[in-house]
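Data block below; observations after.
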Amino acid sequence: MIPFSPEVFFSFLAQYNAAIWPFQILAYILAGIAIFCALKPAPHSGRCVGVVLTAFWLWTGSVYHLQFFASINFWDQGFGVLFILQGLAFVWRGLLSNRLKPIRAMNEPARWLGLICLTIALIFYPLASILAGQDLAEIAWVGVSPTGTVVFTLGILCFCQPDKQKRLLIFPLLCCLSGALVAYLLPMPQDWVLLPLAFAMTLIAFRRSNPEPRT
């Protein structure tokens, strides 16, 4: 069981979104920059991607989880710390080491999964939330809340060098599993996509780690 009701959760989202406005708009701008860098690789695209992912994960960990959500869920402090650690991993891998370089030649399954994840994070979630009866203030926006940030991250990592980001996938995939469980308990039907996304991303990561020999 989770220690809050759907009503309490959506009330929290409304208060949180009101408190951080207009950072949601800034997050969408940063997301657009990261997508451009991922789709149009350049010498410093990896660092650009790393900066955006770092900002998203550090914000979600320190602001969403520790400053706000922990007030209705004490155990969420642990998630806040893990999100911050993931953000610091992006500092090292992306910003300092430049190991998140997007690749030009990539297999079609990874490309399509990346595009699907980005579409879900930026477009599907807001629309599905509205169709489910939520107000704009009750939407978990990408870059400033966990689910959208996790799915967006999976999408961006699909376009990055496969041998450089396997470890970076571990916690986001675990977040998908926990998010799917919470979506079932609340319920939040729009989050049920997390489980198939995690499964598909795991298959893509495994396929990249064990490429088929060319004949």
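Figures for the structure shown
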| item | result |
| --- | --- |
| The one condition in (1) closer than 25 Å to Ala14 by Cβ; (2) at pLDDT below 85; (3) part of a helix (DSSP H, G or I); (4) not small (Gly, Ala, Ser) that Pro109 fails to fulfil | (1) |
| Residue within segment 149-165 that is part of a helix (DSSP H, G or I), at pLDDT 85 or above and more than 24 Å from Phe23 (Cα to Cα) present | no |
| Odd one out for Trp141, checked against (1) part of a helix (DSSP H, G or I); (2) under 19 Å from Leu197 (Cβ atoms) | (1) |
| Considering residues of segment 63-104 that are of a type in the set (S, T, N, Q), in a helix (DSSP H, G or I) and surrounded by fewer than 16 Cβ atoms within 10 Å (Cβ to Cβ) only, the residue modelled with the highest pLDDT | Gln67 |
| Residue check for Ile123: assigned to a helix (DSSP H, G or I), farther than 23 Å from Ala200 by Cα and at pLDDT 90 or above | no |
| Matching residues in segment 58-116 - criterion: being among the small types (Gly, Ala, Ser) and farther than 22 Å from Lys166 by Cβ | Ser62, Ala70, Ser71, Gly78, Gly80 |
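The values are calculated or read from the model by the stated rules, or taken from the named source; none is laboratory data. Keep in mind the model is a prediction, meaning the values are calculated, not measured. Methodologically, a virtual Cβ is constructed for each residue, glycine included, from the backbone with ideal geometry; neighbour enumeration extends over all protein chains shown.
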